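Data first, discussion second: the structure below is written as structure tokens.
The values are calculated or read from the model by the stated rules, or taken from the named source; none is laboratory data. Bear in mind that the values here come from a model prediction, so they are computed numbers and not experimental data. Counting neighbours? That spans all protein chains shown, and the Cβs are built from the backbone with ideal geometry, glycine included.
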Amino acid sequence: MEAGIQNYYLEIADNAFILSHRLSENCSKGPYLEEDLACTNVALDLIGLAEAVYVELSKRSSGTLSSDDIAYRRDESDYLNCLLTEQPNGDFAQLMTRQFFMDAYYYYLFTDLTDSSDTFLSALSAKSLKEVTYHLKRSSEWMIRFGNGTEVSKEKAQQAVNSLWKYTNELFEVSDNSREMVESGVFANNQKIQSLWKQKVDEILFLSNLKKPENPVFISGGKAGRHGENMGFILTEIQFLPNRYPEAKW
Amino acid sequence: MSSEDQGQLWEVFIQSKPGQPHKHAGSIHAYDKEMALENARDVYTRRNEGINLWLLPSIEIISVSDSESPSYFEPANDKIYRHPTFYNLPEGVKQM
């Protein structure tokens, strides 16, 4: 399998895998039962998305790697998720703001990829789009509730937007060697996705009475395997079982 | 948000198939209508239970009180002739 496509698949899968793990950390810690379940449901949708891609990558490795090998037995620098997905849950506003940024990204990514000339990507996107449409509706409504709720909820949501904003640009970065794949209609057009994403975020932040940071500085690196300090802790937890019991089956 | 403040209580009714009545499934907490629908979806319909949902605030349900129950329902006990069991059904009618 060509490396460019493989990395593109891994980016999609690793984003979902790591974000799903972060959401799963919140299981049993939600503010109340219904929200706890809803958040865990999103985590389950995302792990399903990641698994579908890992299984496909396994098939294309001519049986040399299982999907679990790909998911659990890589070095930190081989994971290609964006820095945003590995950010800690923090308080509920931070968890939901991270989710809102990601949901909006997913929504436009999968809308665009539904027309990809790569049949796996178009099928995966068509299926995921239904889930993501619901996720985006939910997280958008939470942003609006935070901003129009109490002084405290608004302040916490604003803090979350301020602290996470610097990671949002990386979602749309395009490496030089993937331009051809965009032009030939295999990969999504990130420029287009970014402008749609900005419109959506502007709209929801407006309805939430929240502001984007002025003069933002952006950080990236995750897509190239350069992760922050959080990633080591995440992988230690994710990889504990396959490391301790390599033959474990369930 | 205090742990006691979980919003309003809502009753959840699920329609399993087109044309079927909505049936009571249980209740959930939520702060507004949108959240009520979403919470009901996430708690009750993720395993193919239904194709539609009705939600209504539990406080809007009116009910017969325990003390009134006898006067409402017991007079029906000795009036079995109100059941259509004294007719002979034509053969071929499987279900009435």
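Here are some notes:
- Residue in segment A:61-78 that is more than 14 Å from chain B (Cβ to nearest Cβ) and in contact with a His (Cβ under 9 Å, 6 or more places away or on another chain) present: yes
- Candidate set: segment A:151-188, residues that are out of contact with any Cys (no Cβ under 6 Å at 6 or more places or on another chain) and acidic (Asp, Glu); chosen: the one nearest to A:Cys82 (Cα to Cα): A:Glu173
- Look at segment A:121-149: where a residue is surrounded by fewer than 18 Cβ atoms within 10 Å (Cβ to Cβ) and a partner is polar (S, T, N, Q), sitting 6+ places away or on another chain with Cβ atoms under 6 Å, you get A:Ser122/A:Thr114; A:Ser122/A:Ser116; A:Ala126/A:Thr114.
- Some residue of segment B:5-15 being within 14 Å of another protein chain (Cβ to nearest Cβ) and of a type in the set (Val, Ile, Thr): yes
- When B:Ala40 is tested against (1) modelled with pLDDT under 95; (2) part of a helix (DSSP H, G or I), only condition (1) is not met.
- Test: B:Pro18 is away from chain A (no Cβ under 14 Å), without any contact (Cβ under 8 Å) to a residue 60 or more places away in the chain, under 27 Å from A:Phe146 (Cβ atoms) and of a type outside the set (Gly, Ala, Ser): no
- Tally of residues being part of a helix (DSSP H, G or I) and under 19 Å from the mean Cα position of the chain (by Cα) across segment B:1-37: 3
- Within segment B:38-56, the set of residues being under 20 Å from A:Val132 (Cα atoms) and charged (D, E, K, R) comprises B:Glu38, B:Arg41, B:Asp42, B:Arg46, B:Arg47.
- Hey, B:Glu38 at negative phi, surrounded by 13 or more Cβ atoms within 10 Å (Cβ to Cβ), touching a Lys or Arg at 6+ places or on another chain (Cβ under 6 Å) and within 14 Å of chain A (Cβ to nearest Cβ) or not: yes
- Options A:Ser178, A:Ser184: the member that is of a type in the set (Gly, Ala, Ser) and exposed (fewer than 14 other Cβ atoms within 10 Å of the Cβ): A:Ser184
- Residue match in segment B:41-48 (condition: under 20 Å from the mean Cα position of the chain (by Cα), of a type in the set (Asp, Glu) and within 14 Å of chain A (Cβ to nearest Cβ)): yes
- Search result, residues across segment A:154-186 that are hydrophobic (A, V, I, L, M, F, W, C) and either modelled with pLDDT of 95 or more or assigned to a helix (DSSP H, G or I) (or both): A:Ala157, A:Ala160, A:Val161, A:Leu164, A:Trp165, A:Leu171, A:Phe172, A:Met181, A:Val182
- Residue match in segment A:133-148 (condition: among the acidic types (Asp, Glu) and either more than 14 Å from every other protein chain (Cβ to nearest Cβ) or assigned to a loop (DSSP other than H, G, I, E, B) (or both)): no
- B:Leu56 falls short on exactly one of the conditions (1) surrounded by 14 or more Cβ atoms within 10 Å (Cβ to Cβ); (2) more than 14 Å from every other protein chain (Cβ to nearest Cβ); (3) in a strand (DSSP E or B); (4) not basic (Lys, Arg), and that condition is (1).
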